[in-house]
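The values are calculated or read from the model by the stated rules, or taken from the named source; none is laboratory data. This one's a predicted model, so the numbers in the text were calculated from it and none came from an experiment. Please note: Cβ atoms are built from the backbone with ideal geometry, for glycine as well, and neighbour counts cover all protein chains shown. For accessibility, only protein heavy atoms count, side chains too; no ligands or nucleic acids. Shrake-Rupley method; radii C 1.70, N 1.55, O 1.52, S 1.80 Å.
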Amino acid sequence: MEEKPVVSEPLRECKFVVYVPKYEDRPDMHYIKEKIVYPDGRVEKNLRMIKNFKRPFYVLKEHYRKYKQKKESEPLDKLNMYHSTESDLLIEAGKVLGPMYIGKNNVRHVKDNPYVYGMDLTSSTFIKKAYFDKFKLFTSFDVCVLDIEKEIVGEQRVQVISISMKDKTYTTILDKWLKDTPENRDKIARAYKKYIPEVDYMEKIVDTTDFFGSEIEMVEAIFKKLHQWKPDFLEVWNITYDLTHILNIIEKAGKRPENIFSDPSVPEKYRYFKFKKGKTSRLTEKGVHKGLDFHEQWHTVICPATFYFVDGASVYNYVRQGGKNVPTGYGLDSILNFELGEKFKKIKIDDPIAEKLDKIAWHIYMSEKRKVEYVVYNKYDTRGPILLDEKTKDIQSTMPLLSSYSPFTMFDSNPSRIVEALYFFY
């Protein structure tokens, strides 16, 4: 009898999960960024959609309900297991717990019931854990960096946007600011060759530049390229600055951000976008609200895409939470100098006027008088965070490892991640 050949199943890694609650005719949705590794070594990046995924939760059997304070744990044989979508979790738990819990719209009002277990976890966590249990695959994350330059005075138009990965850079330029002419393209190419330092991390970079007649066309081109590249993380240093300007451009153009940010493979009725800003202050032990610096805030972009937004400064801060602060602050130049020193070479423009200006005045001068060099500066500015992460591994591996199965939305909360870890420990 002829033996059938063994067909190996490809390995699948869950990089992250984006959850979007149901709304009107849109069902409860989970979008999974998968890395698929085939037996022949091929690697594919994929966005998988799951409708109405049901996660478990547990309720203590009635004859054991003899205490009023919630316990840390209970044996499984004393619990009944139920399943629900994340969107209907409060409804389904209310049905089990009784009339006084029906109609609650805050998960805390239900999960604090002493007889309910497992509601602290997110549905995204269960999905990520299931992937790892089956495939046991963890690889480093691909990082892409985005940076914009805009007018500081006048109309405050965005003039240049660049994105970079390890081996490539793509730049869009506003034609109304710097004309798309053969002469200007040649000047950019020559300035790139002149000013970009001849160092190993700039070798073999595929650099591309396009000009556009409007800011919205620039933004659309950038995100079209991101959807093609499919990085795991899209890093922005001080994300509220860049993202606020990008969203203003989209709004002014009368377009919907979900149609630009969402992966093109997502049907239009399922597309979604939300920029969920984190806390900007905290309550001290003395009961006083203290403002949080930009690197202490944790913002979340919720959209079904093959890349997940992170603020590089916030990741740097929270990976080192409890350690020493950087004495010169958390601006990108400060962190690059602190971590890399002379390893990240500075661009030096041959201009005696520019050399004497402070940071804001320098940007104003360069964007008005040295536009070609300003483009090259923007391109190179996206390389610094990539080189930084090559050294620290903060984004490509440390943050994902510390997050474990928990979603990146809660990376700034150690207690939340500990609760999720304890669930699987028990």
Listed residues Asp167, Asp133, Asp175; which is over 21 Å from the mean Cα position of the chain (by Cα) and closer than 21 Å to Ser397 by Cα? Asp133
If I go through the range 155-195 residue by residue, how many of them are part of a strand (DSSP E or B), of a type in the set (Gly, Ala, Ser) and within 17 Å of Ser367 (Cα to Cα)? 1
Before we move on, is Ser140 under 30 Å from Arg55 (Cβ atoms), touching a residue at least 60 places away in the same chain (Cβ under 8 Å) and surrounded by fewer than 22 Cβ atoms within 10 Å (Cβ to Cβ)? yes
For the condition in contact with a strand residue (DSSP E or B) (Cβ under 9 Å, 6 or more places away or on another chain) and either at pLDDT 95 or above or closer than 21 Å to Pro21 by Cβ (or both), what is the one hit in Thr284, Thr280, Thr300? Thr300
Of the residues Glu9, Glu44, Glu34, which single one is part of a loop (DSSP other than H, G, I, E, B) and either crowded, with 18+ Cβ neighbours inside 10 Å or not aliphatic (A, V, I, L, M) (or both)? Glu9
What number of residues in the range 94-137 are part of a helix (DSSP H, G or I), charged (D, E, K, R) and open to solvent by 30 Å² or more (accessible area, probe 1.4 Å)? 6
Which residue out of Ile222, Ile250 is open to solvent by less than 30 Å² (accessible area, probe 1.4 Å) and over 22 Å from Phe16 (Cβ atoms)? Ile250
Pick from the range 49-71, criterion within 22 Å of Met410 (Cβ to Cβ) and free of Cβ contacts under 8 Å to residues at least 60 places away in the same chain, ranking: farthest from the chain's Cα centre (by Cα): Lys70
Counted residues, the range 320-377 - those being among the aliphatic types (A, V, I, L, M) and within 27 Å of the chain's Cα centre (by Cα): 7
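Quickly run through the range 162-218 and pick out the residues that are small (Gly, Ala, Ser) and free of Cβ contacts under 8 Å to residues at least 24 places away in the same chain.
Ala189, the sole residue that qualifies.
With respect to Ile260, determine if the residue is buried (at least 20 other Cβ atoms within 10 Å of the Cβ) and over 25 Å from Lys22 (Cα atoms).
On the way: buried (at least 20 other Cβ atoms within 10 Å of the Cβ): yes; over 25 Å from Lys22 (Cα atoms): no.
Judged against the criteria, Ile260 is not a match.
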How about the range 250-270: which of its residues are in contact with a Leu (Cβ under 8 Å, 6 or more places away or on another chain) and outside any helix (DSSP H, G or I)? Asp263, Ser265, Val266
Long-range neighbours under 8 Å by Cβ, at least six apart or interchain, first residue within 25 Å of Thr409 (Cβ to Cβ) within the range 315-329, second in a loop (DSSP other than H, G, I, E, B) and of a type outside the set (Asp, Glu): Val315/Phe411; Tyr316/Tyr330; Asn317/Tyr330; Tyr318/Trp298; Tyr318/Phe411
Residue under evaluation Val206, criteria (1) surrounded by fewer than 18 Cβ atoms within 10 Å (Cβ to Cβ); (2) of a type in the set (A, V, I, L, M, F, W, C); (3) over 26 Å from Phe344 (Cα atoms), criterion not met: (3)
